[in-house]
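The values are calculated or read from the model by the stated rules, or taken from the named source; none is laboratory data. For clarity, every value in this text was computed on a predicted model and none was experimentally measured. A quick note on method: Cβ atoms are made from the backbone with ideal geometry, for glycine too, and the neighbour counts reach across all protein chains shown.
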Amino acid sequence: MPAGTTYDDLSGPTGVVIATWRAESARLVGALTRMTRDVDLAEDLAQDALVAALEQWPVSGIPDNPSAWLMSTAKRRGVDHFRRAETLRRKVAELEHAEGEEAQVPDLDAQVDHIEDDVLRLVFLSCHPSLTPESRAALTLRLVGGLTTAEIARAFLTSETTMGQRISRAKKTLKDARAELELPTGEERTARLDDVTAVIYLVFNEGYTATAGDDWMRPDLAAEAVRLARMLADLAPDEPEVLGLQALLELQGSRTAARLSPDGTPVLLEAQDRSLWDQLMIRRGLAALRAASGLAAGGRPVGRYFLQASIAAEHAGAARAEDTDWDRIAALYDVLARAAPGPVVEVNRAVAHGRAHGAAAGLAVLDAVDGSLLGDSPLLPSVRGDLLERAGRHEDAALAFGEAAELTRNEGERRVLLQRAVDNRARADG
């Protein structure tokens, strides 16, 4: 979207332009990339069409088919671009199929069978293995999510210039790697799909619990990840892990309104007002989980997202925190630890075992975790503090929470951890 334009407080024709762009930009850029074989040019053409809509719709009125208008405008500008290029004859022949035709590709109606595939191709292209995970996330939000460079920069707490350079380098890397807008097959498709889901999950986690900055959450970023997960599930409805990812993000995202108190203080899961949980998102999440379960029953393998969604569904089904079936959650974490072993899973498994079987059981799981694998994350000491608090070892808990507070780069989390350290110190002294 053009610099300086935002998604806030927009109405009338301009609002329709922005809404159409958010809904259709991935299809537009995907189709144009297939036509031009140049992702950079495709995005430029799409942006040109967006600017034209912002200029013309408030004057001439909203067209009957806004998305088709954007597509046809972008295609006409593509023809103009190649007519001006030195390689005029070859490019015009490629795009127009026959010299003298006015449109370089069939109209939008003739593209219907290809549009969804184009979006899926664009998702895979954005998550090409030649790119770093950070670049994949940024490019996915740019090309598939339709976010501006400024919006992505704000989401990841960096400057617009830095993020612009990262996105430009990512596009150059794709060009140098001769990356094609094609759907991978077989083992490559599976591997690439893992990369795609991992990027969307990364984006969601950064929005759901920010690793740094003043805010506990970045709801817009988490919401964008949910939108991408829904899109991917629509495009790949036969993939259990894709459905599992959507289920997980819907179920966790449903808690957003309850995760902050009116004064902005983070509220942990067990203290949340569950009447604030988004019931529509819960229903969507449970529906996606049932669909994934159906595929699993038919012999399709499931993995970490399905299992995590199953855990989130247990929380969603508990009307009160004390109704939570922690035995079931602990058992699911045991399965997850075998399916997708790692230190973060083990720390969360310790929480579940601490709730299900007592603090000592949780600490036993936690003591087996290699803390060096978590780097300077506050996760390990914060969970240790929680388990020690439950065990009544308040002095040790205060030290653990203090250590976690020193490690976190998120100010909201730091406030919570420091308060828990103070509370436990007071209990120890009392």
Query raised in the report: Based on what the data block shows, is Glu160 farther than 15 Å from Ala225 by Cα, modelled with pLDDT of 90 or more and of a type in the set (D, E, K, R)?
Result: yes
Query raised in the report: List, please: which pairs have Cβ atoms under 8 Å, are six or more places apart or on different chains, and start with a residue in region 109-127 that is under 18 Å from Trp69 (Cα atoms) and end with one that is modelled with pLDDT under 50 and among the hydrophobic types (A, V, I, L, M, F, W, C)?
Result: Gln111/Val105
Query - Exclusive hit being surrounded by fewer than 22 Cβ atoms within 10 Å (Cβ to Cβ), modelled with pLDDT of 95 or more and outside any helix (DSSP H, G or I), set Ala361, Ala318, Ala356, Ala337 - result: Ala318
Query - Pick from region 390-430, criterion touching a strand residue (DSSP E or B) at 6+ places or on another chain (Cβ under 6 Å) and in a helix (DSSP H, G or I), ranking: modelled with the lowest pLDDT - result: Gly412
Query - Residue under evaluation Gln246, criteria (1) within 19 Å of Leu307 (Cα to Cα); (2) out of contact with any Lys or Arg (no Cβ under 8 Å at 6 or more places or on another chain); (3) not hydroxyl-bearing (Ser, Thr, Tyr), criterion not met - result: (2)
**Report entry** Only one of Arg218, Arg189, Arg178 that is buried (at least 19 other Cβ atoms within 10 Å of the Cβ) and either more than 20 Å from Val29 (Cα to Cα) or not β-branched (Val, Ile, Thr) (or both)
**Finding:** Arg218
Query - Residue satisfying condition, being in contact (Cβ under 8 Å) with a residue 60 or more places away in the chain, part of a helix (DSSP H, G or I) and not basic (Lys, Arg), within set Leu249, Leu245 - result: Leu245
Report summary line: Restricting region 35-64 to residues that are farther than 23 Å from Thr149 by Cα and in contact (Cβ under 8 Å) with a residue 12 or more places away in the chain, the one surrounded by the most Cβ atoms within 10 Å (Cβ to Cβ) turns out to be Met35
**Report entry** Number of the condition not met by Arg328 [criteria: (1) at pLDDT below 95; (2) out of contact with any strand residue (DSSP E or B) (no Cβ under 9 Å at 6 or more places or on another chain)]
**Finding:** (1)
Report task. Can you work out which of the residues in region 152-175 that are touching a residue at least 24 places away in the same chain (Cβ under 8 Å) and over 17 Å from Ala42 (Cβ atoms) is farthest from the chain's Cα centre (by Cα)? Result -> Arg169
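Any residue in region 273-287 that is assigned to a loop (DSSP other than H, G, I, E, B), over 13 Å from the mean Cα position of the chain (by Cα) and free of Cβ contacts under 8 Å to residues at least 24 places away in the same chain?
Among the residues of region 273-287, at least one is assigned to a loop (DSSP other than H, G, I, E, B), over 13 Å from the mean Cα position of the chain (by Cα) and free of Cβ contacts under 8 Å to residues at least 24 places away in the same chain, which makes the answer yes.
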Query raised in the report: Taking region 380-429, which residues are acidic (Asp, Glu) and within 34 Å of the chain's Cα centre (by Cα)?
Result: Asp386, Glu389, Glu403, Glu406, Glu411, Glu413
Requested in this report: Provide a single number: the residues in region 128-150 that are assigned to a helix (DSSP H, G or I), surrounded by fewer than 21 Cβ atoms within 10 Å (Cβ to Cβ) and without any contact (Cβ under 8 Å) to a residue 60 or more places away in the chain.
Outcome: 1
Query - Search result, residues across region 5-29 that are at pLDDT below 80, among the charged types (D, E, K, R) and either assigned to a helix (DSSP H, G or I) or buried (at least 16 other Cβ atoms within 10 Å of the Cβ) (or both) - result: Arg22
